[in-house]
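The structure under discussion appears below in the form of structure tokens.
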Amino acid sequence: MNKTILEKNRIIALLASITLMVLSANVAYAKNMEKQNLLQLMTHSDSILIGTVTEKTEGFHKGLPYTEITLDVGQSLKGSHGSTYTFRQFGLIEPRSMGDGRVNLMVTPAGWPTYTKGEQVMLFLHKPASETGFQTTAGLTQGKFTIKGDRIANDINNDALFDGMQIKHKLSKTQQDLVNQAGGSYAATDFFSLVKTAVEENWIENGVMTDEK
């Protein structure tokens with residue numbers, strides 16, 4: 001069997017496995033998506049960025065559909081990034097005609113974050129996948145926070161974001177008020193400050209931010 005056929009079979013197998021994974025994830029999400037607290041979001045994040053969505057396109061990488069998002073980076077709280085950051089997330093923006101009578105229906109899966117040009121966001125991003133380079137947010141929509149005016153909230157309105165964890169550190173009054181808030185949108189600057197301090201002072205690594213157990 002020549003290398004071209006082997007490569008084609010490998011891509012088909014990878015596409016099939018990812019499609020199965022996505023379908024399974026959709027079912028699981030529809031049934032019950034576990035809520036992620038801030039400790040979990042930060043633990044599973046390779047990058048934490050604040051910025052504005054400036055571009056959104058779609059395409060295919062080795063036969064796999066993706067949406068490519070570009071951010072104008074305002075602040076990089078975790079990871080080293082330039083003034084712009086571009087990443088690719090699995091799934092097309094909308095169904096696409098393949099030009100041969102077929103339509104590719106592999107759009108962004110249900111429960112995954114979507115993006116709009118011009119929106120301001122804070123993203124807790126996983127490390128890019130080793131095989132495809134694709135990247136999405138920790139906790140899916142829970143790791144994408146939308147900034148509106150001076151307020152910030154994720155897709156579930158920050159529900160349970162500080163549940164099941166503790167911070168062994170003296171906080172400012174505004175930060176403590178934020179931690180005590182059961183849910184709802186937060187003052188954006190206070191939330192940025194809390195996350196930035198936690199990253200810079202290695203709260204997770206030093207046992208300052210921990211599970212309650």
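Residue check, residue 172 against (1) under 30 Å from residue 111 (Cβ atoms); (2) open to solvent by less than 70 Å² (accessible area, probe 1.4 Å), all met but one. Which one?
(1)
So is residue 141 touching a Gly at 6+ places or on another chain (Cβ under 8 Å), among the β-branched types (Val, Ile, Thr) and under 17 Å from residue 183 (Cβ atoms) or not?
Working: touching a Gly at 6+ places or on another chain (Cβ under 8 Å): yes; among the β-branched types (Val, Ile, Thr): yes; under 17 Å from residue 183 (Cβ atoms): yes.
Judged against the criteria, residue 141 is a match.
Does residue 141 qualify as being surrounded by fewer than 14 Cβ atoms within 10 Å (Cβ to Cβ) and β-branched (Val, Ile, Thr)?
no
Which condition breaks for residue 111 when tested against (1) over 28 Å from residue 207 (Cβ atoms); (2) out of contact with any Leu (no Cβ under 7 Å at 6 or more places or on another chain)?
For residue 111, the exception is condition (2).
Looking at region 50-97 only, could you name the residues that are without any contact (Cβ under 8 Å) to a residue 40 or more places away in the chain, of a type in the set (Ser, Thr, Tyr) and touching a Ser or Thr at 6+ places or on another chain (Cβ under 8 Å)?
Of everything in region 50-97, those that are without any contact (Cβ under 8 Å) to a residue 40 or more places away in the chain, of a type in the set (Ser, Thr, Tyr) and touching a Ser or Thr at 6+ places or on another chain (Cβ under 8 Å) turn out to be 57, 70, 76, 84, 85, 86.
Scan region 91-106 for residues that are part of a strand (DSSP E or B), aliphatic (A, V, I, L, M) and at pLDDT below 85 and jot them down.
103
What is the one condition in (1) within 19 Å of residue 67 (Cβ to Cβ); (2) touching a residue at least 60 places away in the same chain (Cβ under 8 Å); (3) surrounded by fewer than 20 Cβ atoms within 10 Å (Cβ to Cβ) that residue 123 does not satisfy?
Of (1) within 19 Å of residue 67 (Cβ to Cβ); (2) touching a residue at least 60 places away in the same chain (Cβ under 8 Å); (3) surrounded by fewer than 20 Cβ atoms within 10 Å (Cβ to Cβ), only one is false for residue 123: (3).
Tell me yes or no: at least one residue of region 106-116 is out of contact with any Pro (no Cβ under 9 Å at 6 or more places or on another chain), surrounded by fewer than 18 Cβ atoms within 10 Å (Cβ to Cβ) and within 18 Å of residue 53 (Cα to Cα).
Checked against the condition, which is being out of contact with any Pro (no Cβ under 9 Å at 6 or more places or on another chain), surrounded by fewer than 18 Cβ atoms within 10 Å (Cβ to Cβ) and within 18 Å of residue 53 (Cα to Cα), region 106-116 yields at least one hit.
For region 33-90, which residues satisfy the criterion of being crowded, with 21+ Cβ neighbours inside 10 Å and assigned to a loop (DSSP other than H, G, I, E, B)?
36, 45
Listed here are the residues, each with its yes/no results for (1) in contact (Cβ under 8 Å) with a residue 40 or more places away in the chain; (2) more than 18 Å from residue 210 (Cα to Cα); (3) touching a Ser or Thr at 6+ places or on another chain (Cβ under 9 Å); (4) basic (Lys, Arg).
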{"position": "151", "(1), (2), (3), (4)": "no, yes, yes, yes"}
{"position": "155", "(1), (2), (3), (4)": "yes, yes, yes, no"}
{"position": "161", "(1), (2), (3), (4)": "yes, no, no, no"}
{"position": "164", "(1), (2), (3), (4)": "yes, no, no, no"}
{"position": "167", "(1), (2), (3), (4)": "yes, no, yes, no"}
{"position": "175", "(1), (2), (3), (4)": "no, no, yes, no"}
{"position": "179", "(1), (2), (3), (4)": "no, no, no, no"}
{"position": "183", "(1), (2), (3), (4)": "no, yes, no, no"}
{"position": "189", "(1), (2), (3), (4)": "no, yes, yes, no"}
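Among the numbered criteria (1) without any contact (Cβ under 8 Å) to a residue 24 or more places away in the chain; (2) over 23 Å from residue 74 (Cα atoms), which single criterion is violated by residue 132?
The failed condition is (1).
The values are calculated or read from the model by the stated rules, or taken from the named source; none is laboratory data. Computed from a predicted model, the values in this text were never measured in an experiment. Reconstructed Cβ throughout: ideal geometry from the backbone, glycine too, with neighbour counts over all protein chains shown. When the accessible area is computed, the model is the full protein with side chains, heavy atoms only, and any ligands, DNA or RNA have been set aside. Shrake-Rupley method; radii C 1.70, N 1.55, O 1.52, S 1.80 Å.
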